[in-house]
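What follows is one structure encoded as C-alpha cells, with my remarks underneath.
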Amino acid sequence: MPKKLARIRWVAVAAWCGSNLVQAETLLEIYQLAMDNAPQVKAAEANYRAGKEALPQARAGLLPNISGSYDYQDGDGNQNVSRVLGADFVSRAPGDFDDETETYRLSLTQPVFNLPAWFNFQRGKVLDARAASQFSVDQQAILLEVTDAYFGVLRAGENLVSAEAEERAIARQLEQTKERFDVGLVPITDVHEAQAAYDTATVNTLEAKSALNIAFEALEVLTGRPHDHLVGLAASFPVTKPEPLDAESWVKFAQDNNFALEVSRLDMESARRGADIAKSGHAPTVTASIDYQKSQNQGVLNRDAGILNPTTGLIDPALRQPFVNDIESTVFGVSLNVPIFSGGLVSSQRRQAYQEWMRAQENYVLAQRNTTQDARSRHLQVLTDAARIQARRQAVTSAQSALDATQAGYEVGTRNIVDVLISQRTLYQAQRDYANARFDYINSMLRLREIAAQLGPGDVEQINRWLDPNLNVGKAGL
C-alpha cells in the first residue's frame, strides 16, 4: 500500500478514536462476551440439554415401574338386613352404621418382552448422539456470527475511511477548480462536474457512517452490551493458501467429520428406528407384576331396638356393635397382551414410518452431495480470495499512479476535470475492493474450516493475533 494512502487511512482512523487512551476491544474479547451473553448460545445449550433427555426417557420403557396409592373413605348410612333362618323364621336387623376405610397399595411392573420399547431405546441412543452433533453445529454457527459481526464493523470502517478520503480529495479538487475558473483557466462546466462529484461523495460518506454504526449494533445483539471501539486488522496479516492444497482432501474431511452431515445421518438412523418401532406394533408384549395391598375397614353398627326375639319371646334392646375388617394381600402376575386389530392404526403407522425413513434417506443423500459441493466451492473461494488480495493491492498502486498522471495532465491542460474525478473514483473504489478482499478471505477460510468440522475457538485466538492494537475502529458521528 502506498505511503500516502497509509497516512490518509491513519488520519481517518485516529479521527474515529478521538483519543489514544480509548481502550478498543479485540475479537477474542467480543467472542468471550458473546459466549457468556448471546441468546443464541443459551438457546443452543438448552436445546442440547433437552435433546440429551431422549435417552433416559427411552430407557424408562425397559425399567421397572413402581407406583403407590393411598385411599381414605369415611361413610355412614342405614341398613336393614334380613336373613331367612328357616321355613317360618326371618331375622331382621335394621339400624345405622358409621365406618372408615384406609387402603394402601404398592405395585411394581416390569416389561419382560416389549419390542417397541426396545427399539425406542435404540432410537434414544441415536437422538442422544444427534443432540451432541447439533450442539456442535450451533457452536460453529455462533462463532461465525461473532466473526461476521466483528469484521462487519471493520469492513464498514474501511469503507468509511475510503469514503471520507474521497470526499476530502474531491473537496480540494472542487476548491482548485473554482480558483481556476475565477482566473479563466477552466469553463464553468468543470465547476459543475466537481460540485456534482463532491455532493455524491458527501452522500456516500453519510451512508458509510450509517453502515458503520449499524454494524456496531449487530455486535450488541450478540453480547448484550454496547461497543464503541474495536481493534483493527493489521495491514500485514498473513494470507496463506489452505493446507492441504488439493480440494479432494477437504471433501474427504467434510464427508468424514462435518457436523451438519452427521446430524442428517442420525436423522436417517432415527427414522429407521422409528420404522422398527412401528413395524413391531403387532408384536405381543409380556409384563410381570407384583401388587401389594393392605385395607382396614372399621366402624360401629347401631342396631335398632324393637325386634321380637322368637327364642325368648322378648323385644331385643338397641345394640351398639363395633367392627373391624383387615385385608392384606400380595399378588404376583404375568400378563400377555397380543394386539390383534386396532382399526388399521398400526398398519397405517407402519407405512407412515417407512415413508419417513425413505425421506430421511434421501435428505441424507442430498446433504452428502451439498457437503461435497460446499467443500469444493469454499476451497476454491479461499484460493480465489487469496489471489484477489494480491491483485487488489496492485490495483490500488496502479490507480494511484493513474490518478497522479491524470492530475499532472490536468495541470498542463491535456486532461479535463472529468478525467480527474474518474481517476479519483477509481482509486478509492480500488481501496474499498482491497479492504473487502481481505475480509472476504477471512470469511472464506472460516467457512472452509466449518465445512470440514475444524472450526473452533482456536481459530478465534489465531485471528486475534492478526489484529493491530494501534488501529482502532470507532463509531462514526453523524
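Throughout, read-outs are computed from the coordinates displayed, never taken from laboratory work. All of these numbers come straight from a predicted model, not from anything done at the bench. Don't worry about glycine lacking a Cβ; one is built from the backbone with ideal geometry, like all the others, and counts go over all protein chains shown.
The fraction of all Cα pairs in the range 146-195 landing in successive 5 Å bins from 0 to the largest distance is 5, 21, 16, 13, 10, 9, 8, 7, 6, 3, 2, 0, given as whole percents.
About its Cα centre, the dipole of the range 167-209 is roughly 120 debye, where the only charges are +1 on Lys and Arg Cβ and -1 on Asp and Glu Cβ.
For the range 207-251, divide the Cα radius of gyration by the Kirkwood radius and give the resulting Rg/Rh value with two decimals. Could you put the intermediate results ahead of the total?
Numbers: Rg = 17.3 Å, Rh = 14.1 Å.
A ratio of 1.23.
Given 0.36 nm per residue, what is the gain on full extension from L206 to S401 after removing their alpha carbon distance, in nm? Please report the intermediate quantities before stating the final value.
Details: separation 195, 0.36 × 195 = 70.20 nm, distance 2.79 nm.
Gain on extension, L206 to S401, equals 67.4 nm.
Of A271, L261, G281, which is farthest along the charge dipole of the range 258-297 in the positive direction, counting Lys and Arg as +1 and Asp and Glu as -1 at C-beta? Farthest along the dipole direction, towards plus: G281.
Please find the FRET efficiency linking F237 to N37, where r is the Cβ-Cβ separation and R0 is fixed at 35 Å, and quote it to the nearest 0.05. That gives a FRET efficiency of 0.80.
So how strong a dipole does the range 355-478 carry about its Cα centre when Lys and Arg Cβ are +1 and Asp and Glu Cβ are -1, to the nearest 20 debye?
I would put it at about 80 debye.
With the charge dipole of the chain set up from +1 on Lys and Arg Cβ and -1 on Asp and Glu Cβ about the Cα centre, the Cα lying farthest toward the positive end among the listed residues L160, G344, H192 is that of H192. Pairs K125/K252; K42/K209; K125/K279: which exceed 29 Å Cα-Cα? Going by Cα-Cα distance, K42/K209 fall outside the 29 Å limit. Once the chain from Q298 to D326 is taken as fully extended at 0.36 nm per residue, the excess over their C-alpha distance is 9.2 nm.
Each part gets one Cα centre, and for the range 221-252 versus the range 401-478 those centres are 15 Å apart.
Return the equivalent ellipsoid semi-axes of the range 334-459 as a descending list in whole Å, where each equals the square root of 5 times an eigenvalue of the C-alpha gyration tensor.
65, 17, 11
Under 5 Å from the amide H of E25 lie the amide H atoms of H229, L230, V231, each residue being 5 or more positions distant or on a separate chain, with H modelled from the backbone and absent for Pro and chain starts.
Enter the mean projected area of the convex hull around the alpha-carbon atoms of the range 171-262, in nm², rounded to one decimal. Kindly include the intermediate steps, with their values, before the conclusion.
Numbers: hull surface 50.1 nm².
One quarter of the hull surface, i.e. the mean projection, equals 12.5 nm².
Here K52 is the anchor, and the aspartates and glutamates within straight C-alpha reach of less than 20 Å, apart from those fewer than 8 places off in the same chain, are D128, D138, E262, D267, E269. Each Cα pair under 8 Å and six or more residues apart adds its sequence gap; the mean of these over the residue count of the range 309-447 is a relative contact order of 26 percent.
With each label modelled as a point 7 angstrom along the Cα→C-beta vector, the S335-R225 pair spans 6.0 nm.
Scanning the chain for chymotrypsin sites (Phe, Trp or Tyr not before Pro) in DSSP loops with at most 13 neighbouring Cβ atoms within 10 Å leaves 90-340 as the longest stretch between them.
Determine the equivalent ellipsoid of the range 211-303 by diagonalising the alpha-carbon gyration tensor, then write out the semi-axes as square roots of 5 times the eigenvalues, largest first, rounded to whole Å. Write out the running numbers ahead of the final one.
Working: eigenvalues 840, 221, 29 Å².
Computed over the range 211-303, the values are 65, 33, 12 Å.
Rounding to the nearest 20 debye, state how big the charge dipole of the chain is about its Cα centre with +1 on each Lys and Arg Cβ and -1 on each Asp and Glu Cβ. Each step should come with its number before you reach the end.
Numbers: 47 positive and 58 negative charges, 359 e Å.
About 1720 debye.
The length gained on full extension between N363 and A50, counted as 0.36 nm times the residue separation minus their Cα-Cα distance, comes to 110.3 nm. Positive-end ranking of Q429, Q394, P64 along the dipole of the chain, with charges on Cβ about the Cα centre, is headed by Q394. In µm²/s, what is D for the chain at 25 °C and 0.890 mPa s, where D = kT/(6 pi eta Rh) by Stokes-Einstein and Rh is the Kirkwood radius from Cα pairs? The Stokes-Einstein estimate is 80 µm²/s.
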